[in-house]
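These notes are about the structure you will find just below.
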Amino acid sequence: MCEKLINFIIKLAPTPDFLSDIVASEGILIGVSIPISLQVVSWVVDRYRDQEIAQFFVKEPLYRAQYLLFLHSIIIAILLRFLNISNSLILWLIFFWLVINIFFFYKFIRLVEQYATNTDKLLLRKLKHYVEDILEK
């Protein structure tokens, strides 16, 4: 079974033609995530009239990871426009990079959904953890 899967993957040799699709996909992910992030922060600040509460969203590990991924994605997208890549291994790595970014984008959208629909519960939970951390010190 495993051998058949490996043979199937080896036969799927990506061509460099899909690189423009990856660049476009990365652009879409970046173009959607950044405005959503800014909107959530703005919405939380407007609703609660407190900058500190908005920092909970900005300090989310997923939020920070998303921006680190985007920084690398921008660099990769720019490089892909100038490089002629034909090595199958590199093409597969670039494809998996896109898959990783899509996964993080999905998780990020779920995080935004939590902040938009369950803001009070989420903030109370975070404040509780924050107070517990202070009391432990």
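Points worth noting:
- Within the stretch 80-136, the set of residues being within 14 Å of Ala65 (Cα to Cα) and among the charged types (D, E, K, R) comprises just one member, Lys107.
- Considered as a group, the residues in the stretch 56-84 that are modelled with pLDDT of 80 or more and hydroxyl-bearing (Ser, Thr, Tyr) include one that is farthest from Leu111 (Cα to Cα), and that residue is Ser73.
- Any hit, the stretch 85-96, residues being of a type in the set (Ser, Thr, Tyr) and modelled with pLDDT of 80 or more: no
- Those residues of the stretch 82-137 which are among the charged types (D, E, K, R), more than 16 Å from the chain's Cα centre (by Cα) and surrounded by 11 or more Cβ atoms within 10 Å (Cβ to Cβ), in sequence order: Arg125, Lys126
- Among residues of the stretch 42-84, those that are aromatic (Phe, Trp, Tyr) and closer than 18 Å to Ile102 by Cβ, counted: 3
- Considering Ile9, Ile28, the condition of being modelled with pLDDT under 85, out of contact with any Pro (no Cβ under 8 Å at 6 or more places or on another chain) and not aromatic (Phe, Trp, Tyr) is satisfied by Ile9 alone.
- Scanning the stretch 59-92 for residues that are touching a residue at least 60 places away in the same chain (Cβ under 8 Å) and within 14 Å of Glu26 (Cβ to Cβ) yields a single hit, Leu80.
- Any hit, the stretch 34-47, residues being at pLDDT below 80, exposed (fewer than 14 other Cβ atoms within 10 Å of the Cβ) and at positive phi: no
The values are calculated or read from the model by the stated rules, or taken from the named source; none is laboratory data. Please read all numbers here as calculations on a predicted model, not as lab measurements. All Cβ positions, glycine included, derive from the backbone under ideal geometry; neighbour counts span all protein chains shown.
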